[in-house]
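Enquirer: The structure is given below, and queries will be raised subsequently.
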Amino acid sequence: MKDLKNAKGSSAIPLTPFLENGDIDFSVFEKEIDWICEQKVGSICGPVNVSEFLVLTKEERMDIIKTTSEVVGGRTAVIANVAAPNIKDAVAFTEFSQKVGADAVIAMPPYVGDLNFDGVKAYFKAIANATDLPVMIQNQFFHNISINEDQLVELCNLAENISWIKQEVAPAPLSIERLSRKRTSAIKGYMSGFSGMYSLQDYANGAIATIHACEYCDLIQRLWNYMNDGLMEQASQLQASLMPALILEGIYGWQYAKFIMQKRGIFKNNITRNKSNQISAESLRYFENVWAQIEKLI
């Protein structure tokens, strides 16, 4: 089992490729996972929000977790998303993830219904009891649910293996800074989000990685390698060059990320199951301009 303490830099989120008929294109997905591993990222995390996990069936989610673990083959750490609207499904995802070789699991609180903090505690306690893998709390304002820093510490004290946090709540990166002040052995480490836009600040506040859509995982890993090697000037320059592209990812999510994965020769199309907020011709022209600049960095 991979130790998450060594999962430094890019925690790349695979996108979900679809065929014209709406099925998952697993031949492209396997190519994507292999490509991510070739970038020597610290870990792979999914299927989460930018993977469109909310429009996947339970069986599809399990197939993705299993395929990811098989294709990775120990080359990097696999963090499997086990979030669910209820405890029963979250436990089932957790047990399955451990069975097929994941190195850790991650979950948001239940994202359906009016749930109080006692319910959140019961949910994470059940996930922890279902595995001996590290459990990461994904703290993100999602469906009107987020957790404050004191509650995160309380959750991590529920069980020894609830020990990691993905901190992605506004105001970023101040939320990472506030979390860093909670000096407790119950939290073994934390990662950030927001497409990696705040990597410099997150690193300064003690984050070891950022969890982000995979289309720029090679560049994000390079950025964190610079920081880990003390090359802060190079890191600052790369961060500045990446910002227009990362801002677009933050706005358009998987639709932009799939556009870039086509440009990189990994995806055959940018089909999504969620058909809302389709990209306009004007936006596509801007995407092309930004890509032309990013391509020089690759």
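Enquirer: Take the stretch 30-55 and flag every residue that is touching a Lys or Arg at 6+ places or on another chain (Cβ under 7 Å) and under 23 Å from residue 83 (Cβ atoms).
Expert: Result: 42, 47, 52, 53, 55.
Enquirer: Considering only the stretch 94-150, state which residues are at pLDDT below 95, surrounded by 14 or more Cβ atoms within 10 Å (Cβ to Cβ) and among the β-branched types (Val, Ile, Thr).
Expert: 120, 145, 147
Enquirer: Here is a follow-up. Report yes if residue 201 is buried (at least 20 other Cβ atoms within 10 Å of the Cβ), of a type in the set (S, T, N, Q) and within 19 Å of the chain's Cα centre (by Cα), otherwise no.
Expert: Judged against the criteria, residue 201 is not a match.
Matching residues to (1) closer than 25 Å to residue 14 by Cα; (2) of a type outside the set (Lys, Arg):
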position: 71; (1), (2): yes, yes
position: 81; (1), (2): yes, yes
position: 84; (1), (2): yes, yes
position: 88; (1), (2): no, no
position: 96; (1), (2): yes, yes
position: 99; (1), (2): yes, no
position: 117; (1), (2): no, yes
position: 121; (1), (2): no, no
position: 125; (1), (2): no, no
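Enquirer: Right, another one. Does residue 230 satisfy being in a helix (DSSP H, G or I), of a type outside the set (Lys, Arg) and either within 20 Å of the chain's Cα centre (by Cα) or farther than 19 Å from residue 43 by Cβ (or both)?
Expert: No: the conditions fail for residue 230.
Enquirer: Would you mind finding the one in 248, 242, 219 that is among the aliphatic types (A, V, I, L, M), within 21 Å of residue 140 (Cβ to Cβ) and in a helix (DSSP H, G or I)?
Expert: Result of the check over 248, 242, 219: 248.
Enquirer: From the set of residues in the stretch 11-29 that are under 19 Å from residue 211 (Cβ atoms) and either among the acidic types (Asp, Glu) or out of contact with any Lys or Arg (no Cβ under 9 Å at 6 or more places or on another chain) (or both), which is surrounded by the fewest Cβ atoms within 10 Å (Cβ to Cβ)?
Expert: By that ranking, first place goes to 29.
Enquirer: Now for a different question. Being within 18 Å of residue 250 (Cα to Cα) and within 20 Å of the chain's Cα centre (by Cα), is that true of even one residue in the stretch 177-189?
Expert: Checked the stretch 177-189: no residue is within 18 Å of residue 250 (Cα to Cα) and within 20 Å of the chain's Cα centre (by Cα).
Enquirer: For the stretch 237-254, state whether one or more residues are among the charged types (D, E, K, R) and surrounded by 12 or more Cβ atoms within 10 Å (Cβ to Cβ).
Expert: Yes: the stretch 237-254 contains one or more residues that are among the charged types (D, E, K, R) and surrounded by 12 or more Cβ atoms within 10 Å (Cβ to Cβ).
Enquirer: If I ask for residues that are part of a helix (DSSP H, G or I) and of a type in the set (Ser, Thr, Tyr), which ones from the stretch 251-272 would you list?
Expert: Within the stretch 251-272, 252, 256 meet the criteria.
Enquirer: Now for a different question. Only one of these is polar (S, T, N, Q) and under 20 Å from residue 295 (Cα atoms): 167, 239, 201. Name it.
Expert: Among 167, 239, 201, only 239 is polar (S, T, N, Q) and under 20 Å from residue 295 (Cα atoms).
Enquirer: Kindly list, by first and then second residue, each pair from a residue in the stretch 214-231 that is touching a residue at least 12 places away in the same chain (Cβ under 8 Å) to a residue that is surrounded by fewer than 20 Cβ atoms within 10 Å (Cβ to Cβ) and basic (Lys, Arg), limited to pairs with Cβ atoms under 8 Å and residues at least 6 apart or on different chains.
Expert: Sorted first by the residue in the stretch 214-231, then by its partner, the pairs are 215/264; 221/40.
Enquirer: Considering only the stretch 174-193, I want to know if a residue exists there that is crowded, with 21+ Cβ neighbours inside 10 Å, within 22 Å of residue 47 (Cβ to Cβ) and of a type in the set (Val, Ile, Thr).
Expert: No, the stretch 174-193 contains no residue that is crowded, with 21+ Cβ neighbours inside 10 Å, within 22 Å of residue 47 (Cβ to Cβ) and of a type in the set (Val, Ile, Thr).
The values are calculated or read from the model by the stated rules, or taken from the named source; none is laboratory data. Every value quoted in this text rests on a predicted model; they were computed, and no experiment measured them. Using ideal geometry, Cβ is built from the backbone for each residue, glycine included, and neighbour counts are taken over all protein chains shown.
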